[in-house]
1. Which residues, counting only those in segment 43-56, are crowded, with 16+ Cβ neighbours inside 10 Å and of a type in the set (A, V, I, L, M)?
2. Please work out which one of (1) β-branched (Val, Ile, Thr); (2) more than 16 Å from the chain's Cα centre (by Cα); (3) surrounded by 14 or more Cβ atoms within 10 Å (Cβ to Cβ) is the condition Thr60 fails and give its number.
3. Starting from segment 64-90, take each residue that is at pLDDT 95 or above and list its partners that are loosely packed, with under 15 Cβ neighbours inside 10 Å and of a type in the set (Gly, Ala, Ser), counting only C-beta distances under 6 angstrom and pairs at least six apart or across chains.
Amino acid sequence: MKLQHKSIATVLVTAMLMVTSMATMAEQAPKPEKLIQWRQSAYRFIEWNVARIKSSIQGTYNKAEVVAAANAISGIANSGLPALFVAGTEKGKGWHETAANAEVFKDRAKFTELSNSFSKEAIELAKVAASANDAAAIKEQFGKVTRSCKACHDDFKGDD
């Protein structure tokens, strides 16, 4: 009988701890405005690094600059960006009004597919940048990355 009481007590204590933990986690969930800010910041950071690569391809090639920018793009692309597009962030203001259109939240499968494509191409860009010694070698993969950006923007981005 004592064993049953201990088992029941253990289950009750465990259940109470789980409920308390879940309530605490729910209280700590980021506000929609914060999620919008984070995604806006991530995409601006990507934009800056795309500009760094483009400048090096069109001007004097700087391998160190291209490698650093490609690694930055790959890191952000593979950081879980789709997790920043959750219910409650369809509209709202982060640093500015969100440019994500409603389709992001309606067609998650396509959004995830395009995000995964961007991630894959960004990883490959970082690999090519590390091994390439001139702009010509980077151009093809850089084009794939920027086309993957455009594909997502065409379907899921409204006006800035």
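The values are calculated or read from the model by the stated rules, or taken from the named source; none is laboratory data. Not measured: the values here are computed from a predicted model. Note that we place each Cβ from the backbone using ideal geometry, even for glycine, and neighbour counts take in every protein chain shown.
1. Ile46, Val50, Ile53
2. Just one mismatch for Thr60, condition (3).
3. Val67/Ala130
So that you can scan it fast, the table gives a plain yes or no per residue for (1) within 16 Å of Tyr43 (Cα to Cα); (2) under 15 Å from the mean Cα position of the chain (by Cα); (3) loosely packed, with under 13 Cβ neighbours inside 10 Å:
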{"residue": "Lys91", "(1), (2), (3)": "no, no, yes"}
{"residue": "Glu103", "(1), (2), (3)": "no, no, no"}
{"residue": "Val128", "(1), (2), (3)": "no, no, no"}
{"residue": "Ser131", "(1), (2), (3)": "no, no, yes"}
{"residue": "Asp134", "(1), (2), (3)": "no, no, yes"}
{"residue": "Phe142", "(1), (2), (3)": "no, no, no"}
{"residue": "Lys150", "(1), (2), (3)": "yes, no, yes"}
{"residue": "Phe156", "(1), (2), (3)": "yes, yes, no"}
{"residue": "Asp159", "(1), (2), (3)": "yes, no, yes"}
